[in-house]
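Trainee: Starting off with a structure, shown below.
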Amino acid sequence: MSKPVRVRFAPSPTGPLHIGGVRTALFNYLFAKKHGGSFILRIEDTDQNRYVEGAEDYIISALNWCGMPLDEGPGVGGNYGPYRQSERKHLYREYADLLISGGHAYYAFDTPEELDAIRKEYETQGKTFIYNWHNRNTLKNSLSLSAEEVRTRLERGDHYVIRFLSPEDEKVQFKDLVRGSMEIDSKVLDDKILFKSDGMPTYHLANVVDDHLMEITHVIRGEEWLPSLALHVLLYRAFGWQSPEFAHLPLILKPVGKGKLSKRDGDKLGFPVFPLQWEDPNSGAISTGYREEGYFPEAVVNFLALLGWNPGTEQELFSMDELVEAFDISRVNRSGARFDPEKIKWFNQHYLQVADNEDVAAAFQGFLKEKGIKKDPAYVKRVVELLKERAVFVKELWDLGSYFFFAPEHYDPKGVKKTWKEDTKGYILELAGVLEGLEDFSAAHTEKIVKDWIGEKELGFGKVMPPLRLALVGAMQGPHVFDIMELLGKEETVQRMHRICESLG
Ligand code: GLU
């Protein structure tokens, strides 16, 4: 029997989770659930200099908002904890030592200043400095120095790091679930630092050790980690561990032009690049999020799922459960996925249409409350029913339908010019009189009465309905006039008809 699937999302808490990070988390989540496995959050906070206050909470809130509950992680627990690397510090040294004793890693005593000087010298010769097989025997490390000197230096407490001893001349072969088989010439690899002078592991060591200890079966992460894959594969081999399977997700590209979607693109082009609002703890600067802009998490998830993956059919609309069902890692594309901020609006519009009107009304009540408007829930729900097909966001219901809450104070000049003629006032006042006498003000009934009246008067629809709409709405827009009348009620309808006549004469 194959091992149970265990995947991890392993962000570094260096700031808010970028929308690309959410996509990585999502693909991990879908893969885990598809295979009945576990979705784990591991916080990779070994680099204390880059730690940002609040980032971890933000990551967890973002995952929850998107509907990706953790099976294991900080705050949730699990059998493989702790799930923050800073709390696993004590673990890594032992593994670095294991590599040294196995001949796969070595101590390097070169100081940052010495390395800088060498780097500069290489540059003056037009070369790039790489610390590896071609020069490591000439640098200050346990390969070049005598055992005696190494011991003295260690005992003395000299500055040192532990570097991986990458093979000198080997074609390193590995497989990626998205990119297929690959090969790298070990000659181009540098001897990466695994353990730093501050007693902390680097990303590479901690990541591989933790994936092993946490029994991660599949590593699904962004393409920017592909260059590290050879090293990781070599590390598994050096430890004598079976490596997990790897899948590197394609880049997310800018909406237009070349290159990766950056945080600045959002500001420049006016769309969020974060799932939730983020307030920078140092500068206090606020970046908006999809949630605050009024997007449904379902829309964000559906949109992100199709950024670099396709179901192989024409289907575009997927609930989370449907995504889990349809997700197939072999259908992840290799080429970059273009971020289209218009497309996510299209998804939002869809999810607004299928949302329960009562929920939408409750959300809309929030906006009304901010404006100091209190209305009966049934009334607000009916407004939602009448307007939502025209809306992309709940907040737009206000722009589309403020006339349900206030009588128009202005009349759209274009509409006036087109509909308000010399004799209009007369008809509107007469019709107001007819309506005033009605008991039944349902849309069906008023529609019949008004139509009959237009027929009797031989006026034609075009003379009456547009100015009537203008009276109620203030502009030539909105749903069916008789539906508006029914909701406003007789008194308000008649009042508005009088009002426009006074105003336009
Ligand atoms: N800590 C890395 C990051 O911030 C994790 C990369 C990986 O998944 O291996 O993306």
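The values are calculated or read from the model by the stated rules, or taken from the named source; none is laboratory data. The model shown is predicted, which means the values in this text are computed figures rather than measured ones. Cβ: placed from backbone, ideal geometry, glycine included. Neighbour counts: every protein chain shown. Quick note on the areas: whole protein, heavy atoms, side chains included, nothing else; ligands and nucleic acids left out. Shrake-Rupley method; radii C 1.70, N 1.55, O 1.52, S 1.80 Å.
Trainee: So which residues in the stretch 320-342 are among the hydroxyl-bearing types (S, T, Y) and either surrounded by 13 or more Cβ atoms within 10 Å (Cβ to Cβ) or part of a loop (DSSP other than H, G, I, E, B) (or both)? Steps first, answer last, please.
Mentor: Of the residues in the stretch 320-342, the ones among the hydroxyl-bearing types (S, T, Y) are 330, 335.
If the condition is that a residue be among the hydroxyl-bearing types (S, T, Y) and either surrounded by 13 or more Cβ atoms within 10 Å (Cβ to Cβ) or part of a loop (DSSP other than H, G, I, E, B) (or both), then S335 is the only one that fits.
Trainee: Here's a follow-up. Return the total of residues in the stretch 224-275 being open to solvent by less than 50 Å² (accessible area, probe 1.4 Å), among the basic types (K, R) and in a helix (DSSP H, G or I).
Mentor: 0
Trainee: Now a separate question. Which residues, taken from the stretch 464-500, are surrounded by fewer than 17 Cβ atoms within 10 Å (Cβ to Cβ) and on the phi > 0 side of the Ramachandran plot?
Mentor: G489 - this is the single residue of the stretch 464-500 that is surrounded by fewer than 17 Cβ atoms within 10 Å (Cβ to Cβ) and on the phi > 0 side of the Ramachandran plot.
Trainee: Looking only at residues in the stretch 31-50 that are touching a Gly at 6+ places or on another chain (Cβ under 9 Å) and more than 11 Å from the ligand (Cβ to nearest atom), which one is farthest from Y92 (Cα to Cα)?
Mentor: Let us first name the residues in the stretch 31-50 that are touching a Gly at 6+ places or on another chain (Cβ under 9 Å), namely 31, 38-43, 50.
The next check asks that each one be more than 11 Å from the ligand (Cβ to nearest atom); those that pass are 31, 38-41.
Values: F31: 28, S38: 24, F39: 23, I40: 20, L41: 19 Å.
That would be F31.
Trainee: Okay, moving on. Could you say whether any residue in the stretch 199-209 is more than 23 Å from Y83 (Cα to Cα) and buried (at least 20 other Cβ atoms within 10 Å of the Cβ)? Explain how you work it out, then say what you get.
Mentor: Quick first cut of the stretch 199-209, residues more than 23 Å from Y83 (Cα to Cα) only: none.
Looking through the stretch 199-209, none of the residues is more than 23 Å from Y83 (Cα to Cα) and buried (at least 20 other Cβ atoms within 10 Å of the Cβ).
Trainee: Also, I was wondering about something else. Please find, among V384, V380, V360, V394, the residue that is buried (at least 18 other Cβ atoms within 10 Å of the Cβ), of a type in the set (A, V, I, L, M, F, W, C), part of a loop (DSSP other than H, G, I, E, B) and at pLDDT 95 or above. Before you say what the answer is, go through the steps one by one.
Mentor: On the way: V384 fails: part of a loop (DSSP other than H, G, I, E, B); V380 fails: part of a loop (DSSP other than H, G, I, E, B); V360 fails: part of a loop (DSSP other than H, G, I, E, B).
That would be V394, the only listed residue that is buried (at least 18 other Cβ atoms within 10 Å of the Cβ), of a type in the set (A, V, I, L, M, F, W, C), part of a loop (DSSP other than H, G, I, E, B) and at pLDDT 95 or above.
Trainee: For the stretch 456-463, state whether one or more residues are in a helix (DSSP H, G or I), of a type in the set (A, V, I, L, M) and either open to solvent by less than 40 Å² (accessible area, probe 1.4 Å) or free of Cβ contacts under 8 Å to residues at least 40 places away in the same chain (or both). Give the derivation first.
Mentor: In the first step, residues of the stretch 456-463 are kept if they are in a helix (DSSP H, G or I); the result is 456-457, 461-463.
Narrowing the set further to residues that are of a type in the set (A, V, I, L, M) leaves none.
Looking for residues that are in a helix (DSSP H, G or I), of a type in the set (A, V, I, L, M) and either open to solvent by less than 40 Å² (accessible area, probe 1.4 Å) or free of Cβ contacts under 8 Å to residues at least 40 places away in the same chain (or both), one finds none in the stretch 456-463, hence no.
Results for (1) among the aliphatic types (A, V, I, L, M); (2) modelled with pLDDT under 95, shown as yes or no for each residue.
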{"residue": "V256", "(1), (2)": "yes, yes"}
{"residue": "G259", "(1), (2)": "no, yes"}
{"residue": "Y290", "(1), (2)": "no, no"}
{"residue": "E316", "(1), (2)": "no, no"}
{"residue": "V324", "(1), (2)": "yes, no"}
{"residue": "R331", "(1), (2)": "no, no"}
{"residue": "P341", "(1), (2)": "no, yes"}
{"residue": "Q349", "(1), (2)": "no, no"}
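Trainee: Where residues in the stretch 1-30 are over 20 Å from P82 (Cβ atoms) and within 8 Å of the ligand (Cβ to nearest atom), which of them is nearest to the chain's Cα centre (by Cα)? Break it down into steps so the answer makes sense when it comes.
Mentor: Restricting attention to the stretch 1-30, the residues satisfying the condition of being over 20 Å from P82 (Cβ atoms) are 1-5, 15-24, 26-27, 29-30.
Remaining after also requiring within 8 Å of the ligand (Cβ to nearest atom): 21, 24.
Numbers: G21: 7, T24: 9 Å.
Only one residue fits best here, namely G21.
Trainee: Please give the number of the condition R50 fails out of (1) more than 21 Å from P250 (Cα to Cα); (2) at pLDDT 95 or above.
Mentor: All conditions pass for R50, except number (2).
Trainee: Can we say S166 is in contact with a strand residue (DSSP E or B) (Cβ under 8 Å, 6 or more places away or on another chain) and either closer than 20 Å to H248 by Cβ or surrounded by 11 or more Cβ atoms within 10 Å (Cβ to Cβ) (or both)? Outline the logic, then answer.
Mentor: Numbers: in contact with a strand residue (DSSP E or B) (Cβ under 8 Å, 6 or more places away or on another chain): no; either closer than 20 Å to H248 by Cβ or surrounded by 11 or more Cβ atoms within 10 Å (Cβ to Cβ) (or both): yes.
Answer is no for this residue.
Trainee: Of the conditions (1) at positive phi; (2) away from the ligand (no atom under 16 Å from the Cβ), A105 fails just one. Which one is it?
Mentor: Here A105 meets the rest and fails (1).
Trainee: Evaluate the following for S287: is it open to solvent by 40 Å² or more (accessible area, probe 1.4 Å) and small (G, A, S)? Full working, then the answer.
Mentor: Working: open to solvent by 40 Å² or more (accessible area, probe 1.4 Å): no; small (G, A, S): yes.
Spelling it out, it is not the case that S287 is open to solvent by 40 Å² or more (accessible area, probe 1.4 Å) and small (G, A, S).
Trainee: Return a yes/no flag: does the stretch 153-172 have any residue that is over 38 Å from the mean Cα position of the chain (by Cα) and hydroxyl-bearing (S, T, Y). Show your work before the answer.
Mentor: Going through the stretch 153-172, the residues over 38 Å from the mean Cα position of the chain (by Cα) turn out to be 153-160, 165, 167-170.
Retained after the next criterion (residues that are hydroxyl-bearing (S, T, Y)): 160.
Yes: one or more hits.
Trainee: While we're on this one: For the stretch 410-449, which residues satisfy the criterion of being of a type in the set (V, I, T) and under 51 Å from the mean Cα position of the chain (by Cα)? Step through it out loud before you land on a result.
Mentor: Taking the stretch 410-449 first, the residues of a type in the set (V, I, T) are 416, 419, 424, 428, 434, 446, 449.
V416, T419, T446 - these are the residues of the stretch 410-449 that are of a type in the set (V, I, T) and under 51 Å from the mean Cα position of the chain (by Cα).
Trainee: When the residues of the stretch 210-223 are narrowed to those that are in contact with a helix residue (DSSP H, G or I) (Cβ under 8 Å, 6 or more places away or on another chain) and more than 10 Å from the ligand (Cβ to nearest atom), which ends up least open to solvent (accessible area, probe 1.4 Å)?
Mentor: Per the criteria, the residue is H218.
Trainee: Now, a different point. Provide a single number: the residues in the stretch 178-197 that are touching a residue at least 60 places away in the same chain (Cβ under 8 Å) and surrounded by fewer than 17 Cβ atoms within 10 Å (Cβ to Cβ).
Mentor: Here the count works out to 1.
Trainee: OK, next. Tell me, which residue of the stretch 186-207 that is in contact with a Lys or Arg (Cβ under 6 Å, 6 or more places away or on another chain) and not in a loop (DSSP other than H, G, I, E, B) is nearest to the ligand (Cβ to nearest atom)?
Mentor: H204
Trainee: Continuing with this model, one more query. When the residues of the stretch 404-429 are narrowed to those that are open to solvent by 70 Å² or more (accessible area, probe 1.4 Å), touching a residue at least 12 places away in the same chain (Cβ under 8 Å) and part of a helix (DSSP H, G or I), which ends up nearest to E458 (Cα to Cα)?
Mentor: Here the answer is K425.
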